[in-house]
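Below is one structure, written out as structure tokens; comments come after it.
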Ligand code: ZN
Ligand code: FE
């Protein structure tokens, strides 16, 4: 799958059983960045099909399904990841932290700390071409499980991502969307935007098409994890008077049991 944000091209690379890696390519300069490295072979194929060579590898977090192929693929490329996670990431050429701006493929790229799934997880935001790489923080209709962080940390991270322009494209790390949609509908069965999104998701999956990337605007209207402060959703789960963080924690806990 290829998306056009001229002169930037985005390629989604399915890896392992349900991971996504992404290639960002600048047609003017030839620079090519990889965001996360789950598996070498499909990424190599995507590169060689297009005659591209990696210039940068961006790492979102330390889990093996995001870094497993860095060693195989890094030759000649600059490897960039979070300073606070450097001890558990492959050797980094550039260490970054929340608030940093780096140039990737000629594009200004902002580093956002989005801890929650892990503490130290980062996202990469490119305001122009309006792409955000969220891996296991904000996901299509979901969010990552809280392996290390607290509900308050993840809710903070998700609010940061929610505040990006609504026409931002969300490039997340896994194809979990169909089961996320069933969970979302269990909380929010009358949400018309969610019902119609679910139809599109089922059709895409039946045709073997990825549901990632997604539009932030759709996430804001249909992703329950972005709506923990929405009075309608609070009421729907019987927590009309709950704090936003408590409601978020409850939604996350219900998803873990779903
Ligand atoms: Zn992960
Ligand atoms: Fe993952």
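Bear in mind these aren't lab numbers, they're just calculated from the coordinates by the rules spelled out. For clarity, every value in this text was computed on a predicted model and none was experimentally measured.
For the chain, calculate the relative contact order in percent as a whole number, restricting contacts to Cα pairs under 8 Å that are 6 or more residues apart. Each step should come with its number before you reach the end.
Values: 525 pairs, mean separation 31.9, N = 258.
Dividing the mean separation by the residue count of the chain yields 12 percent.
Computed from Cα positions, the angle between helix 192-206 and the longest principal axis of the chain comes to roughly 50 degrees. Highest GNM mean-square fluctuation among 171, 143, 105, for the chain modelled with Cα contacts below 10 Å: 105. The long axis of helix 151-162 is offset from the longest Cα principal axis of the chain by roughly 70 degrees.
Could you work out [θ]222 nm for the chain from helices alone, using -39500 (n - 2.57) per DSSP H run of at least four and dividing by all its residues? Round to the nearest 500 deg cm²/dmol.
Numbers: 9 runs with 84 residues, N = 258.
Value at 222 nm, helices only, nearest 500: -9500 deg cm²/dmol.
How far is helix 177-187 tilted off the main Cα axis of the chain, in degrees rounded to 10, range 0 to 90? Tilt of helix 177-187: around 20 degrees. Largest GNM mean-square fluctuation among 61, 121, 87, using the chain with Cα springs under 10 Å: 87. The per residue volume of the convex hull around the alpha-carbon atoms of the chain is 114 Å³.
Per residue, how big is the convex hull of the range 126-258 when only Cα atoms are used? Give it in Å³. Numbers along the way, then the final one.
Working: hull volume 13.3 nm³, N = 133.
Measuring per residue, one finds 100 Å³ for the Cα hull of the range 126-258.
Among 114, 12, 94, the largest mean-square fluctuation in a Gaussian network model of the chain (Cα springs under 10 Å) belongs to 94. Over the range 187-258, the fraction of Cα-Cα pairs per 10 Å bin, rounded to whole percents and listed from the shortest bin up, is 18, 44, 30, 7, 0.
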